[in-house]
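Take a look at the structure set out below.
The values are calculated or read from the model by the stated rules, or taken from the named source; none is laboratory data. What you are looking at is a predicted structure, and each value in this text was computed from that prediction instead of being measured. All Cβ positions, glycine included, derive from the backbone under ideal geometry; neighbour counts span all protein chains shown. For the accessible areas, the whole protein counts, side chains as well, though only heavy atoms, and no ligand, DNA or RNA atoms are used. Shrake-Rupley method; radii C 1.70, N 1.55, O 1.52, S 1.80 Å.
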Amino acid sequence: MTKRTSSQLWTGRFTEATDAFVEAFTASEHFDRRLYAQDIRGSIAHARMLAKAGVLSETERDAIIAGLEGLRVDIEQGDFDWSPALEDVHMNIEKRLTDRIGEAGKKLHTARSRNDQVATDIRLYLRDAIDAIRAQLLRFQQGLVDLAERETDTILPGFTHLQVAQPVSFGHHMLAWYEMLVRDQERFEDCRQRMNVMPLGSAALAGTSFPIDRDMTCAELGFDRPSRNSLDAVSDRDFALEFTAAAAILLTHTSRMAEEMIIWASPLVDFIDLPDRYCTGSSIMPQKKNPDVAEIVRGKTARVNGHLMALLTLMKSQPLAYNRDNQEDKEPLFDTVDTVLDSLRAFADMVPAMQVKKGNMYAAAKKGFATATDLADYLVRKGVPFRDAHAIVGAAVRHGVEQGLDLAEMDLATLRGFSDTIDDDVYQILTLEGSVAARDHLGGTAPNQVRQQIAEARERLKGAV
Ligand code: ARG
């Protein structure tokens, strides 16, 4: 029988070497090496537990721990010899550990499998990723609240269907963005909670015949509890789906914000100026200043949506328990983490630094009959049924469109031509300030309410850190 010489750790039953293409095709070390810190952390906890259970001696345990810590330093200094022949991060580390400390290294894999190992590593990794994402989210939320505070009394036209609808406070608009991020924070927090369950001890799929102490490894790795079913724990990646779904929703929000900033920064609208340091120029048109950062953030949504689809599809037909398909979860996940962190960083820096062109916003709100609803409400308060009031104001707006006049620019006689219930007190309610201030209830755009919401947001943000 030909026996191959190989660095692989599982060749006992094989009679020929792995095809070179298959070796490259199945290897994941070039991307899953990113899990090295989590892998080492998990292995140290496992070794400690095995020693306590009497499976390893204390000397073996100490050699393993010192060896793994040495490898961590090597990896961080770029001194680690990664090999695709060793497939993945787990076997690369295990093999280099054995090269370094000898026999004891070969005992580390007692009572575990790469299946529970990788399921544990990704959870540890995503847990840290969520913490980093939540910290960036918080910074972005703080920036939005600061901007809302600076611009509470700034009025811009609010839109529906991208048509001027009613005047709103710019601070109110920024707090709308803030509220989206509050829910994103909650989604990540919620996902973290469900994810923080430890698969280690499930071994390949059925558990192990060794007397393991899962509570010990659980406490050491900071999980809330050990998983209750080994088949489920090694195979499901629903936590990765949840994470990516939360990321896709967050990026859907940042994409909507990006879209608004791109519209506002267009010279056709001219509501804001984005700082030069977050914009780029054109290689041919000297006048251009393009909102590329916002556009790229808007574009990033597409790739994370794609990752979500990839992961959903990856899981949809997998029978219990572990299948190698799951190796395909890592690249989409890693890219999702990077994309979310970069997008949040860009917006947390850029958005609060935008220059708001109050005069242009105000003029646009004045032009678009933004106080038409206020006039209808005024008529209702004078006893006109709302439907009739709507029709009266509609006729006045048509006249305004024909004559190029805003409602507030029509004289009293003209207005009374539409309804003789109109008196000269109408002009107060036709101002933008009057319209905004009138929406003075929880959730409304009155600057009073916006200030109240800012105070509450600041309280919540304090509690969040
Ligand atoms: N690298 C694999 C993954 O990412 C873990 C290895 C499990 N391999 C196996 N033959 N059971 O899922």
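Where the accessible area of the chain is counted over protein heavy atoms with a 1.4 Å probe, how much of it, in %, is carbon and sulfur?
Numbers: 11440 of 21930 Å².
Carbon with sulfur: 52 percent of the solvent-accessible area.
Among bridges DSSP assigns within segment 129-276, what percent are antiparallel (round to 5)? Kindly include the intermediate steps, with their values, before the conclusion.
Numbers: 6 of 8 bridges.
Counting DSSP beta bridges with both partners in segment 129-276, the antiparallel share is about 75 percent.
Can you give me the pair-distance distribution of segment 170-272, C-alpha pairs, 5 Å bins, whole percents?
2, 11, 14, 15, 12, 9, 8, 7, 6, 5, 4, 3, 1, 0, 0
What is the distance in Å between the Cα centroid of segment 380-420 and that of segment 11-50?
Segment 380-420 and segment 11-50 have Cα centres separated by 75 Å.
Report, in debye and to the nearest 20, how large the dipole of the chain comes out about its Cα centre when Lys and Arg carry +1 and Asp and Glu carry -1 on their Cβ. The partial results should precede the final answer.
On the way: 55 positive and 70 negative charges, 154 e Å.
Using Cβ point charges on Lys, Arg, Asp and Glu, the chain gives about 740 debye.
Just to confirm, what accessible area per residue do you get for the chain at 1.4 Å probe, in whole Å²?
Numbers: 21930 Å² over 465 residues.
For the chain, the per-residue accessible area is 47 Å².
Remind me, relative contact order of the chain in percent, using alpha carbon pairs under 8 angstrom and six or more residues apart? Spell out each step's value before the answer.
Values: 626 pairs, mean separation 75.2, N = 465.
Rounded, it is 16 percent for the chain.
Check cross-link reach from K107 to the lysines: straight Cα distance under 22 Å, and skip same-chain residues fewer than eight apart.
Correct list for K107: K52, K95.
Counting only Cα, what are the radius of gyration and maximum Cα-Cα distance Dmax of segment 1-101, in Å?
Over segment 1-101's Cα set, Rg and Dmax evaluate to 15.0, 42 Å.
With all pairs of different alpha carbon atoms counted, what Kirkwood hydrodynamic radius in Å does segment 365-425 show?
On the way: mean 1/r = 0.0875 Å⁻¹.
Radius from the Kirkwood sum: 11.4 Å.
Divide, for segment 138-227, the radius of gyration over alpha carbons by 2.2 N^0.38 Å, where N is the residue count.
Details: Rg = 23.6 Å, N = 90, 2.2 N^0.38 = 12.2 Å.
In units of the globular-protein estimate, segment 138-227 measures up at 1.94.
Dividing the convex hull volume of the alpha carbon atoms of segment 76-131 by its residue count, what do you get in Å³ per residue? Before the final figure, lay out each step's value.
Values: hull volume 6.2 nm³, N = 56.
Spread over its residues, the Cα hull of segment 76-131 gives 111 Å³ apiece.
In degrees between 0 and 90, to the nearest 10, how far off the longest principal axis of the chain does helix 358-367 point, with axes built from Cα atoms?
For helix 358-367, the angle is close to 60 degrees.
Using 1/(1 + (r/R0)^6) with R0 = 35 angstrom and r between the beta carbons of H441 and D131, what's the FRET efficiency to the nearest 0.05? The partial results should precede the final answer.
Values: r = 37 Å, r/R0 = 1.06.
The computed FRET efficiency comes out at 0.40.
What ratio of Cα Rg to 2.2 N^0.38 Å holds for segment 242-320?
Numbers: Rg = 17.2 Å, N = 79, 2.2 N^0.38 = 11.6 Å.
That works out to 1.49 for segment 242-320.
Calculate, in nm to one decimal, what S57 and A363 gain on full extension: separation in residues at 0.36 nm each, minus their alpha carbon distance.
Extending this stretch completely gives an extra 102.3 nm.
Quick one: 3J(HN,Hα) in Hz for segment 32-38, Karplus 6.51/-1.76/1.60 with θ = phi - 60°, rounded, Gly and Pro as x.
7, 4, 4, 8, 4, 5, 5
Provide the gained length on full extension for the span D276 to Y427, in nm with one decimal, where the gain is 0.36 nm per separating residue minus the Cα-Cα distance.
Numbers: separation 151, 0.36 × 151 = 54.36 nm, distance 4.10 nm.
That works out to 50.3 nm of additional length.
Between Q77 and E409, with labels modelled 7 Å along Cα→Cβ, what's the label distance in nm to one decimal, could you check?
About 7.5 nm, to one decimal.
Determine the equivalent ellipsoid of the chain by diagonalising the alpha-carbon gyration tensor, then write out the semi-axes as square roots of 5 times the eigenvalues, largest first, rounded to whole Å.
On the way: eigenvalues 773, 101, 72 Å².
Each semi-axis is √(5λ); the values are 62, 22, 19 Å.
Give the percent of DSSP beta bridges with both residues in the chain that are antiparallel, rounded to the nearest 5.
Working: 9 of 11 bridges.
Among the beta bridges of the chain, antiparallel pairing accounts for roughly 80 percent.
Does anyone have the angle between helix 292-315 and the longest principal axis of the chain? Alpha-carbon axes, 0 to 90°, nearest 10?
Around 50 degrees separate the two axes.
Report, to two decimal places, the Cα Rg of segment 251-370 normalised by 2.2 N^0.38 Å (N = number of residues).
Numbers: Rg = 19.7 Å, N = 120, 2.2 N^0.38 = 13.6 Å.
Against the empirical 2.2 N^0.38 Å value, I get 1.45 for segment 251-370.
Within segment 305-446, what is the number of lysine pairs with alpha carbons under 21 Å apart, leaving out pairs fewer than eight places apart on the same chain? Provide the component values of the computation, followed by the final result.
Details: K316/K330; K357/K366; K357/K367; K358/K366; K358/K367.
Within segment 305-446, the lysine pair count is 5.
Evaluate E = 1/(1 + (r/R0)^6) for S317 and N229, where r is the Cβ-Cβ distance and R0 equals 25 Å; express this FRET efficiency to the nearest 0.05. Mind dumping the intermediate values first?
Values: r = 20 Å, r/R0 = 0.80.
Efficiency computed from Cβ-Cβ geometry: 0.80.
Run the quick spin-label model on V182 and E69: label points 7 Å from Cα toward the beta carbon, then report their separation in nm to one decimal.
Simple spin-label model gives 4.6 nm for this pair.
What spacing in nm lies between the two simple spin-label points modelled at D19 and K462, each 7 Å away from Cα in the Cβ direction?
Each label point is offset 7 Å from its Cα along the Cβ direction, giving 6.6 nm.
Quick check on segment 43-150: what does the Kirkwood estimate of hydrodynamic radius come out to from the alpha carbon pairs, in Å? Before the final figure, lay out each step's value.
Values: mean 1/r = 0.0616 Å⁻¹.
Over segment 43-150, the inverse of the mean reciprocal pair distance is 16.2 Å.
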